[in-house]
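Engineer: Got a structure for you, questions after.
The values are calculated or read from the model by the stated rules, or taken from the named source; none is laboratory data. Nothing here was measured: the structure is a model prediction, and the numbers come from that model. Here the Cβ positions follow ideal geometry from the backbone for every residue, glycine too, while neighbour counts run over all protein chains shown.
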Amino acid sequence: MKSKYSFAHASQLGNQRSCQRLNQRSKQQGLVMVFALLVLVSLTVLGIASVSSGLLQNKMAVSLQTQTLAFDAAEAAIAGVVFESEDSTVISDLVMIDPLTQARQNDALDMQNEALRCQDNESWINRRVTSAGLSIGAQHLEQGHYDTSPAIDSWSRTAYVREQACLGSSNVISGSHITCHVFVIKGCGQMEGRRSIVANSLTAAVLAPASQ
């Protein structure tokens, strides 16, 4: 009877040890699974962050390119006003009128209370630059895109500001009273499909006879 009890007790101890080993293996497998899930979650988060960063950088690059192209169009619009105002064919023509002379005939821009905006169509002198470029002996009023691929608009607004003494020079030249007529030229550029407008301004002073 004693040997049978010892054998039975030993068998029970063996079963307990086997159960403990199985429990330990289950716990280890559970820990491995949890660790694997944590690794997968970390890799997923890193992947999403990397993709988001790439998309953001791409959007920033596209936005910068758009701003650069629109700024070039705005600069071209300013150059167009200067080009036409220096065109001897337009200046000497009895029908055509250059933008600065046309602006001088209109009301002056009150810099304290008014703003020269790209969206203003009627208040100031308007010019456009198209893909045809600048032509001698022409007023640049045609409708069209400055660039067609991508489509970009380039236009300008010109306003007369004031008449003042020319700094650094005599007010009397060859017996005539000469003053500086000050103008503001705003160049505007916009890519088609974009709401934002890129603008740049140039202040120009032109020697001309005094009005009084």
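Engineer: Can you pull out the residues in the range 53-102 that are touching a Leu at 6+ places or on another chain (Cβ under 6 Å) and of a type outside the set (G, A, S)?
Structural biologist: Once the filter is applied, which keeps residues that are touching a Leu at 6+ places or on another chain (Cβ under 6 Å) and of a type outside the set (G, A, S), the range 53-102 yields I78, F83.
Engineer: Report yes if A132 is among the hydrophobic types (A, V, I, L, M, F, W, C), under 22 Å from M191 (Cα atoms), surrounded by 11 or more Cβ atoms within 10 Å (Cβ to Cβ) and in contact (Cβ under 8 Å) with a residue 60 or more places away in the chain, otherwise no.
Structural biologist: no
Engineer: Still on this model: Tell me which residues, restricted to the range 168-210, are at pLDDT 80 or above and polar (S, T, N, Q).
Structural biologist: Of everything in the range 168-210, those that are at pLDDT 80 or above and polar (S, T, N, Q) turn out to be T179, Q190, S196, N200, S201, T203.
Engineer: Turning to a different aspect of this structure: Failed condition for E84, given (1) loosely packed, with under 14 Cβ neighbours inside 10 Å; (2) in a helix (DSSP H, G or I); (3) of a type outside the set (V, I, T); (4) in contact with an Asp or Glu (Cβ under 8 Å, 6 or more places away or on another chain), with all others met?
Structural biologist: With (1) loosely packed, with under 14 Cβ neighbours inside 10 Å; (2) in a helix (DSSP H, G or I); (3) of a type outside the set (V, I, T); (4) in contact with an Asp or Glu (Cβ under 8 Å, 6 or more places away or on another chain) applied to E84, the lone miss is (1).
Engineer: Could you grab me the full set of residues in the range 135-163 that are under 14 Å from L100 (Cα atoms), in contact (Cβ under 8 Å) with a residue 60 or more places away in the chain and part of a loop (DSSP other than H, G, I, E, B)?
Structural biologist: H140
Engineer: Here's another thing I want to ask about it. Using beta carbons and a limit of 6 Å, which pairs, at least six apart or on different chains, have the first residue in the range 180-199 and buried (at least 20 other Cβ atoms within 10 Å of the Cβ) and charged (D, E, K, R) and the second one part of a loop (DSSP other than H, G, I, E, B) and modelled with pLDDT under 95?
Structural biologist: From residues that are buried (at least 20 other Cβ atoms within 10 Å of the Cβ) and charged (D, E, K, R), the pairs are K186/L116.
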